[in-house]
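S.K.: One structure, as structure tokens, below. Some questions next.
All of the numbers you see were taken from the coordinates with simple rules; none came from a lab. For clarity, every value in this text was computed on a predicted model and none was experimentally measured. Cβ sites come from the backbone with ideal geometry, for glycine too, and all protein chains shown count toward neighbours.
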Amino acid sequence: MLNKMKIVVFAPHPDDEIYGCGGSILKWMEEGHDVHIVYVTDNRAFLWWGKKDNAIIEEEAKDYINLTEDELGKIGLQEAKEVAKAFGFPDKNVHLFKFHDQGASEKIDVGIELSKDIIKDAERIVLPSNNNNHADHQATHTIVKETAKELNLKGTEFYVYGIYNVIKVPKEKQIKIRISKYQDKIYELMKGYKTQLCLKDSRLGWQTFKFKRAERFAIFKLDDAGKFYNF
């Protein structure tokens with residue numbers, strides 16, 4: 001029997017937890033760990049983002065196209081809560097920072113204060129990579145790492161996932177978690193993010209869940225901070 005750990009997963013946006021580590025979350029829950037999820041932003045900018053890149057699927061987006069960003073943000077947070085429930089997270093393990101999508105970099109100090117009580121006793125923290133070309137992902141990484149430094153979490157392990165950028169670490173710093181048995185479950189969970197499935201890239205990525213066999217992480221300790229590209 002594995003020792004029960006407190007594991008805290010940080011998702012810059014609702015759905016990043018699925019793309020970054022959805023199968024691993026299900027595995028850790030099945031193993032009996034105390035898994036928490038932190039949703040940093042509210043996905044309110046998905047229409048703006050999609051229009052900018054000509055990535056909107058108009059038929060899928062018809063129910064959202066005339067809504068304000070505040071209305072879209074409320075829908076994004078509601079989707080997050082419903083998906084978290086479908087994952088199996090207890091309500092007390094679901095944390096919403098409610099930062100505006102595309103605005104997390106302006107809330108670093110607030111994010112640090114909000115994170116302290118959540119991660120102070122975490123044995124494992126799961127977070128997006130450093131040197132990230134998406135501002136909200138980079139802000140989330142910075143929030144977590146700076147909070148860990150303030151709390152001096154020397155005994156905590158950090159599992160770093162890459163979505164928008166690659167994992168560049170020596171082999172001994174990497175781990176692959178087999179998730180084949182969870183393929184169907186994460187595919188079904190993604191259906192809860194209807195707003196995100198209005199985007200061409202998200203819908204394309206969603207189809208890959210049926211064939212995803214493993215999730216890869218770079219693993220660090222706090223003393224590794226600043227010594228590796230991803231941390």
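S.K.: Whole-Hz ³J(HN,Hα) for each residue in the stretch 130-136, computed from phi via Karplus 6.51 cos²θ - 1.76 cosθ + 1.60 with θ = phi - 60°, x for glycine and proline: what do you get?
M.R.: With the stated coefficients, the stretch 130-136 comes to 6, 6, 9, 8, 9, 4, 5 Hz.
S.K.: Also: Taking the convex hull of the alpha carbon atoms in the stretch 13-103, what volume per residue do you get, in Å³?
M.R.: 104
S.K.: Further question: May I ask what percent, to the nearest 5, of DSSP beta bridges between residues of the stretch 6-222 are antiparallel?
M.R.: Within the stretch 6-222, antiparallel bridges account for around 35 percent of the total.
S.K.: Between ASP121 and ILE167, what FRET efficiency comes out of the Förster formula 1/(1 + (r/R0)^6) with R0 = 22 Å and r the beta carbon distance, rounded to 0.05?
M.R.: Efficiency, rounded to the nearest 0.05: 0.25.
S.K.: Sorted by mean Cβ packing within 10 Å, highest first, what order do the peptides 105-114, 85-94 take?
M.R.: Averaged packing, sorted descending, gives the order 105-114, 85-94.
S.K.: When the chain is treated as a GNM, springs tying every alpha-carbon pair under 10 Å, which of GLU215, GLU60, GLU123 comes out with the largest mean-square fluctuation?
M.R.: Maximum among the listed residues: GLU60.
S.K.: Starting from the amide H of VAL9, placed 1.01 Å from N in the peptide plane, find each other amide H under 5 Å away whose residue is 5 or more places distant or on another chain.
M.R.: Hits under the 5 Å cutoff: HIS36, ILE37, VAL38, VAL126.
S.K.: Can you tell me the orientation of helix 16-30 relative to the chain, as the angle in degrees between its alpha-carbon axis and the longest Cα principal axis, to the nearest 10?
M.R.: 50
S.K.: Please arrange VAL9, VAL35 by how many other C-beta atoms lie within 10 Å of their C-beta, fewest to most.
M.R.: Exposure proxy ranking, most exposed first: VAL35, VAL9.
S.K.: To test your reading of the geometry: what angle, between 0 and 90 degrees and rounded to tens, separates the Cα axis of helix 108-119 from the longest principal axis of the chain?
M.R.: So the inclination is approximately 60 degrees.
S.K.: Return the calculated 222 nm mean residue ellipticity for the chain, to the nearest 500 deg cm²/dmol, obtained by summing -39500 (n - 2.57) across DSSP H runs with n ≥ 4 and dividing by the residue count.
M.R.: -12000 deg cm²/dmol
S.K.: Provide THR41, THR156, THR195, THR208 in ascending order of the number of other Cβ atoms located within 10 Å of each residue's Cβ, fewest first.
M.R.: Ranking THR41, THR156, THR195, THR208 by Cβ neighbours within 10 Å, fewest first, gives THR208, THR156, THR195, THR41.
S.K.: Report the gain in length on full extension from GLU59 to ASP34: 0.36 nm times residue separation, minus Cα-Cα distance, nm rounded to one decimal.
M.R.: My answer for the length gained is 5.1 nm.
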